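Bear in mind that the values in this text are calculations on the coordinates, not laboratory data. Just so we're clear, the structure is a prediction, and the values are computed from it rather than from any experiment.
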Amino acid sequence: KTIDEWITCQRRWLYLEQIFSTPDIQLTAETKIFSQIDKTWKELMRKTEQQPNALKATTQPGTLELLQTNNAQMEKIQRALE
């Protein structure tokens with residue numbers, strides 16, 4: 001379940017990162033939310049890089065919940081963009 005959430009999060013983050021990296025975006029609330037997601041995603045990637053073991057990375061306490069929260073927030077952002 002964690003790996004499924006991880007893959008979904010990565011896919012959505014890659015998509016939205018391209019959008020929010022341009023200065024033309026005027027969605028203040030969504031930009032703020034994505035900024036927080038971006039921060040937590042990059043922190044998770046740093047931790048995973050320091051200990052590159054899939055089993056350990058996916059079973060860390062709070063990882064599944066973090067990914068689920070990020071995915072729910074990014075889904076809301078995608079709906080706002082549409």
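Considering only Leu55, Leu67, Leu44, the mean-square fluctuation computed in a Gaussian network model of the chain, springs between alpha carbons under 10 angstrom, is largest for Leu55. Using a Gaussian network model of the chain whose springs link C-alpha atoms within less than 10 Å, name the residue from Glu49, Glu30, Glu65 with the highest mean-square fluctuation. Its mean-square fluctuation being the largest, the pick is Glu49.
Write down the Å³ per residue value for the convex hull defined by the alpha carbon atoms of the range 11-82. Working shown, then result.
Values: hull volume 6.3 nm³, N = 72.
Taking the convex hull of the Cα positions in the range 11-82, it is 87 Å³ per residue.
Fully extending the segment from Tyr15 to Thr31 would add 4.4 nm, taking 0.36 nm per residue of separation and subtracting the current Cα-Cα distance.
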